[in-house]
Amino acid sequence: DLAAGAPAWQVTGSMASARRHLNATLLPDGRVVATGGTSTGGFSDLGGATHAAEVWDPATGDWSTWASAAVSRVYHSTTLLLPDGRLLHAGGGDGANLPRELTAELFTPPYLLHGPRPAVTGAPSSVHYGEGFQVSSPDAGAVTRVTLVRLPSVTHAFDQNQRFVPLAFARSAGGLTVTAPSSAAIAPPGHYMLFLLDADGIPSVARIVRIG
């Protein structure tokens, strides 16, 4: 917690499988999903390829196991969040004498299987820091969270563009009045996916919004 007087590392829960060359991807609800990688030693061993996705919940520190990928993806693999809430899991190999994996898989997280998602019918294309802006939705009454996830930019199992920002909001006529992040220290300038989530954690299809 960087707001603490003396920020310090804390131990959290352990994954079911040790991994290296995995991807860790932020979800619309702030959880983190780990995909791909290998559980054995050496630089990037396909023999220890890990197929099951695991998701970490910051509220509890615990990991849960989700469905498995069909293809082994280790070094040079990529996973990124799509605006519709699914994950694109692709690539792998092309180095260290590994075969080049020129395929991709689409992963549907369980939150998309729990019912209809909130709809967004209107949102601005850009907003300034600290301003209130209108998001139109016929489902505003069911929305419990509004979040921003920065657009992905993944290479070598790292997405250094990742950022998750929860936003304050109030219900208004025809939708929500949402407050943009207060500064570039919270949300560096750029494009983000704006999600509405209901009490079941089901996200809307994102709208792309430029912050700053």
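Does segment 4-92 classify as rounded, prolate or oblate by the C-alpha gyration tensor (a ≥ b ≥ c root eigenvalues; a/c under 1.5 gives rounded; else a/b over b/c gives prolate, otherwise oblate)? Verdict is oblate for segment 4-92. Taking all protein chains in place and a 1.4 Å probe, what share, in percent, of the accessible surface of segment 128-212 do carbon and sulfur account for? Of all accessible area on segment 128-212, carbon and sulfur atoms account for 54 percent.
Translational diffusion of segment 114-212, estimated by Stokes-Einstein from the Kirkwood radius over alpha carbon pairs at 37 °C in a medium of 0.692 mPa s, is 239 µm² per second.
Where only protein heavy atoms count, and the probe is 1.4 Å, what is the accessible area per residue for the chain in Å²? Numbers along the way, then the final one.
Details: 10460 Å² over 212 residues.
On a per-residue basis, 49 Å².
Can you list the residues of segment 175-212 with backbone N under 13 Å from a point 7 Å past the Cα of residue 144, pointing along Cα to Cβ? Hits in segment 175-212 for residue 144 at 13 Å: 197-203.
Using only the alpha carbon atoms of segment 4-54, find the Kirkwood hydrodynamic radius as the inverse mean reciprocal pair distance, in angstroms to one decimal. It would help to have the intermediate numbers written out before the result.
On the way: mean 1/r = 0.0793 Å⁻¹.
It is 12.6 Å.
When ranked by the protection proxy of mean other Cβ atoms within 10 Å per residue, highest first, what sequence do the peptides 148-155, 171-178, 8-15 form?
The peptides rank, most packed first, as 148-155, 171-178, 8-15.
Restricting segment 24-81 to chymotrypsin sites (Phe, Trp or Tyr not before Pro) that sit in a DSSP loop and have at most 16 other Cβ atoms within 10 Å of their own Cβ leaves 43. 3J(HN,Hα) along segment 96-107, derived from phi through the Karplus expression 6.51 cos²θ - 1.76 cosθ + 1.60 where θ = phi - 60°, amounts to 6, 6, 8, x, 7, 9, 9, 10, 9, 10, 9, 10 Hz, with x in place of Gly and Pro. Each eigenvalue of the Cα gyration tensor of the chain, multiplied by 5 and square-rooted, gives one semi-axis; in descending order these are 33, 19, 17 Å.
The values are calculated or read from the model by the stated rules, or taken from the named source; none is laboratory data. All values reported here derive from a predicted model rather than from experimental measurement. Backbone-built Cβ (ideal geometry, glycine too); neighbour counts: all protein chains shown. The area values use the complete protein model at the heavy-atom level, side chains included, leaving out ligands, DNA and RNA. Shrake-Rupley method; radii C 1.70, N 1.55, O 1.52, S 1.80 Å.
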